[in-house]
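Here is the structure we will look at.
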Amino acid sequence: MQLRGALARVLFALAALAVAPAGEAAAAPAASFLWFPPSPHVGETVSLASTSTDDSSPITSQAWDLLGSGPFDQNGPVVETIFSTPGPHLVRLLVNAADGSGDVAAEVIPVTYPPAREMLPFPIVRIAGTAVRAGAKLRVLSVEAPPGVLITLECLGRGCPVRLQSRIAPSSGLATVTVRFRRFERFLPAGLSLEVRVSKAGQIGKDTRVLIRHGKAPRRVDSCLSPVGNAVISCPSTAGA
């Protein structure tokens, strides 16, 4: 009898330990995504791809907020976008599963300007003439540059034929075209200064400044133009300034 009582007490204790734990709630999906290229530039197409998973329920929808603070209005596991400004851009991905659960992933994508590249072929500014006592007689003032670039000639001082003249280098099927500024191919008085700028967005351009002097050859300074804002910069060693 004592043995039976002891066995009964042991079996009761084991039964109490064998009670199943309460069921756990279903896991929510884990939202995540990647983008390519990993370091995009302004104006470059960026592909965003969801890498989201859910081990307990099928994923039913994936929506993107490409502005970081707007609606989730782009749908699908893969989308494309273009960032028009540099800096950090917040992107969010909303993932929903069949069981009603959901998750949001947010990533900051750093966007930069594309690396500066030189205008090719690099422009050539040609100035030829004769120095005289009161200034200079220009025989040629021309720019040889790739088609499509903007060429601006600014004149400062007394005796300018025109203060500002701009031309777009025309398309010709050739690598370069020559644009002449015939209104300046004449006598120019001493003290007058010219600045020739050859520019195109995203490319390192050319800046040439000329000062007309008394009885001496004009003083000329060649520099480069920044691809952003057209500020005068030092030329890279490879530029033919």
Q.
Yes or no: segment 137-152 includes at least one residue that is surrounded by fewer than 13 Cβ atoms within 10 Å (Cβ to Cβ) and either closer than 30 Å to T60 by Cβ or touching a helix residue (DSSP H, G or I) at 6+ places or on another chain (Cβ under 8 Å) (or both).
A. no
Q) Which one of S56, S69, S61, S52 is buried (at least 18 other Cβ atoms within 10 Å of the Cβ) and more than 20 Å from P115 (Cα to Cα)? A) S52
Q) Any residue at all in segment 155-163 that is surrounded by 17 or more Cβ atoms within 10 Å (Cβ to Cβ), closer than 30 Å to L48 by Cβ, out of contact with any Gly (no Cβ under 9 Å at 6 or more places or on another chain) and modelled with pLDDT of 95 or more? A) no
Q. How many residues does segment 81-94 contain that are modelled with pLDDT of 95 or more and either surrounded by 12 or more Cβ atoms within 10 Å (Cβ to Cβ) or more than 21 Å from the chain's Cα centre (by Cα) (or both)?
A. 9
Q.
Residue under question is P115, and the condition is that it be out of contact with any strand residue (DSSP E or B) (no Cβ under 6 Å at 6 or more places or on another chain) and surrounded by fewer than 13 Cβ atoms within 10 Å (Cβ to Cβ); does it hold?
A. yes
Q) Within the bounds of segment 109-131, is there any residue that is within 19 Å of A217 (Cβ to Cβ) and among the basic types (K, R)? A) yes
Q.
Whether any residue in segment 107-121 is farther than 30 Å from Q203 by Cβ and of a type in the set (K, R) is what I want to check.
A. no
Q) If you check A28, A97, A22, A8, which single one turns out to be farther than 30 Å from V228 by Cα, surrounded by 15 or more Cβ atoms within 10 Å (Cβ to Cβ) and at pLDDT below 95? A) A28
Q) Among the residues of segment 197-241 satisfying the criterion of being in contact with an Asp or Glu (Cβ under 7 Å, 6 or more places away or on another chain) and of a type in the set (A, V, I, L, M, F, W, C), which is surrounded by the fewest Cβ atoms within 10 Å (Cβ to Cβ)? A) V232
(Q) From the list T178, T152, exactly one residue is at pLDDT 95 or above and closer than 30 Å to T112 by Cβ. Which is it? (A) T152
Q | Count - residues of segment 100-129 that are modelled with pLDDT of 95 or more and either under 12 Å from the mean Cα position of the chain (by Cα) or aromatic (F, W, Y) (or both) | A | 3
Q) Just checking, how many residues over segment 31-52 are part of a loop (DSSP other than H, G, I, E, B) and either of a type in the set (A, V, I, L, M, F, W, C) or touching a residue at least 60 places away in the same chain (Cβ under 8 Å) (or both)? A) 7
Q: List the number of the failed condition for R213; all other conditions in (1) modelled with pLDDT of 90 or more; (2) more than 16 Å from G129 (Cα to Cα) hold.
A: (2)
Q.
Residues to consider are G135, G148; find the one that is farther than 30 Å from A49 by Cα and touching a His at 6+ places or on another chain (Cβ under 8 Å).
A. G135
**Q.** Hits in segment 40-59 (condition: under 30 Å from I82 (Cβ atoms), at pLDDT below 95 and small (G, A, S))
**A.** G43
Q) In the list V111, V79, which residue meets the criterion of being under 11 Å from V42 (Cα atoms) and outside any loop (DSSP other than H, G, I, E, B)? A) V111
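The values are calculated or read from the model by the stated rules, or taken from the named source; none is laboratory data. Please read these numbers as outputs of a predicted model, since none were measured by experiment. We place every Cβ from the backbone using ideal geometry, glycine too, and count neighbours over all the protein chains shown.
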